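Just so it is clear, none of the values below were taken in a lab; they were calculated from the coordinates. Since we're looking at a predicted model, the values are computed, not measured. In this analysis, Cβ positions are derived from the backbone assuming ideal geometry, glycine residues included, and neighbour counts consider all displayed protein chains.
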């Protein structure tokens, strides 16, 4: 039987040219940029460093020459991305203009970036790019640190909430368009949105699969709960990327989603909060409580600021998505200036709230304090469980008495 290591030992000692497909977004480094390519005949991807100013983009088909060799000391990060080979020195690389569908997707992405650059100044520019496309490269170090401290950094990485918002917009038209047609159009649109965001954003892939699983089930008359959809999406991703469970982003994405699903269920019967506040609070508690042990193991700290900040900041994200997207669509029209102003005002409010909470709250814990907080959060969830159990018991007893 051929082992995984035996397969990885495959080495191409040749200087011939290869046709490759750039599978991931290029990663800027200090003096170069990293590209990851799919080469026909290899069971894992190939990475290499190229000139920092060379224009190579995701979805480009390239002709590349150089010696492809196995990576001797694979990191968990590379293994999770299916990267197993490298070209230490590329002799030549050139883009093949083949007019493919993926090239059209990349062109659309470039148009979106260009229109964002034309319409918005900093920090709106970077925030909009982060929310719509998951780009973080232009966000200042000061704003990066601010969002990390206040626990809202997740908004500048495309995740399930972005796709849920986009998909939900289609059902605003549900009274005028056939619902089945609307469901189909919604699925097609979020698939296109995922391709624009990038194939390497696997938390986004998880969200797309979950939405598709739920909607296809409804189409055929079956109810599908979120937990089943999450399990299905995780299984599909791990079939494609068997070692992706080693990736911290995947761990955080899955556990945050699981926490939101389970904790939201526990909050459904609590009538002590206004619905929207209760929804944001339950999502924050669920995500943070289920990811805290991962952040503690990897970063030796637990950040609870998001429990408070998300209540005030999450409602601003759909507004920013809508106004910035409409600005891109109606670029250089009469509608563009007011949409830009509205986006800039919302961004200003977003950062003002972040700055306020940075100054007045400090729920970041490390070492023994972090372990205490982790245990405390689990106790809170347990108490909610007990509350719901007792409430259900009373309801069941009352129903039992009424039967007689």
Exercise for review: Within region 68-103, which residues have the backbone N less than 15 Å from the label spot 7 Å out from residue 192 along Cα→beta-carbon, could you tell me?
Suggested key: 101-103
Study note, to complete from the structure: Pseudo-spin-label distance residue 96 to residue 299, built 7 Å along Cα→Cβ, given in nm, is 4.2
**Study point:** Three-way shape call for region 63-144 based on the alpha-carbon gyration tensor, with the a/c threshold at 1.5
**Key:** oblate
Review point. Label-point separation (nm) for residue 19 and residue 352, each offset 7 Å from Cα along Cα-to-Cβ?
Key: 5.7
Point to revise | Additional length obtainable on full extension of the chain from residue 121 to residue 43, 0.36 nm per residue less Cα span | key: 23.7 nm
**Study point:** region 69-224: relative contact order as a whole-number percent, Cα under 8 Å and 6+ apart
**Key:** 18
Review point. Is the shape of region 277-368 rounded, prolate or oblate, going by the alpha carbon gyration tensor and its root eigenvalues a ≥ b ≥ c, with a/c under 1.5 for rounded and a/b larger than b/c for prolate?
Key: prolate
Point to revise | Label-point separation in nm, residue 27 to residue 332, each point 7 Å along Cα→Cβ | key: 3.7
Practice item. Set the Förster radius R0 to 41 Å, insert the Cβ-Cβ distance between residue 236 and residue 63 as r into 1/(1 + (r/R0)^6), and round the FRET efficiency to 0.05. Key: 0.80
